[in-house]
Structure formats: structure tokens, C-alpha cells
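The values are calculated or read from the model by the stated rules, or taken from the named source; none is laboratory data. What you see is a predicted model; the values in this text were computed from it and never measured. Cβ sites come from the backbone with ideal geometry, for glycine too, and all protein chains shown count toward neighbours.
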Amino acid sequence: MFSERYGVIQADSSKTVSEIEVRIIAEKFSGEVHLTDVMLQGGRLSTNWTGHPSEQHWSNE
């Protein structure tokens with residue numbers, strides 16, 4: 001079973017970002033966790049993944 005998780009990190013807009021460190025922490029559970037994809041994007045809203053046009057299957061029907 002896959003589930004999507006979204007989160008927004010608030011940044012101080014008066015400063016510039018020179019680097020980012022990402023830590024994935026899983027706590028208080030039993031079983032296994034399989035992390036498949038992590039996407040970082042700019043802006044105030046997180047959006048779903050969209051494939052590159054070269055990854056899309058096209059039909060001329």
C-alpha cells in the first residue's frame with residue numbers, strides 16, 4: 001500500500017538558502033517503510049508529481 005505525504009517548510013524570506021539537509025525519520029511503528037520518492041519544490045503549495053513529457057505514453061487514436 002502506498003500513501004502520499006505532503007509537507008510545507010516555512011522559510012525566513014529575508015534570508016537566502018545556500019543548502020538544504022533533508023532527514024527522513026520514522027518513529028513509533030512496527031513493520032517496514034519503503035521510501036520511493038522525495039520531491040522538493042519551490043513555492044507555497046505542494047503539488048503532486050507530474051511526469052516529464054518523455055515519460056508519457058502517447059497515442060494517435
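To keep it simple, each residue is scored yes or no on (1) surrounded by 10 or more Cβ atoms within 10 Å (Cβ to Cβ); (2) aliphatic (A, V, I, L, M); (3) touching a residue at least 40 places away in the same chain (Cβ under 8 Å).
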{"position": "Glu4", "(1), (2), (3)": "no, no, yes"}
{"position": "Gln10", "(1), (2), (3)": "no, no, no"}
{"position": "Val17", "(1), (2), (3)": "no, yes, no"}
{"position": "Glu32", "(1), (2), (3)": "no, no, no"}
{"position": "Thr36", "(1), (2), (3)": "no, no, no"}
{"position": "Ser46", "(1), (2), (3)": "yes, no, yes"}
{"position": "Gln56", "(1), (2), (3)": "no, no, no"}
Name the residues in the range 1-58 that are basic (Lys, Arg) and at pLDDT below 80, would you? Arg5, Arg44
Counted residues, the range 19-59 - those being aromatic (Phe, Trp, Tyr) and within 19 Å of the chain's Cα centre (by Cα): 1
Hey, can you tell me all the residues within the range 14-34 that are aliphatic (A, V, I, L, M) and more than 16 Å from Ser3 (Cβ to Cβ)? Val17, Ile20, Val22, Ile25
Among the residues of the range 35-55, how many are assigned to a loop (DSSP other than H, G, I, E, B) and either more than 18 Å from Gly7 (Cα to Cα) or of a type in the set (Asp, Glu) (or both)? 3
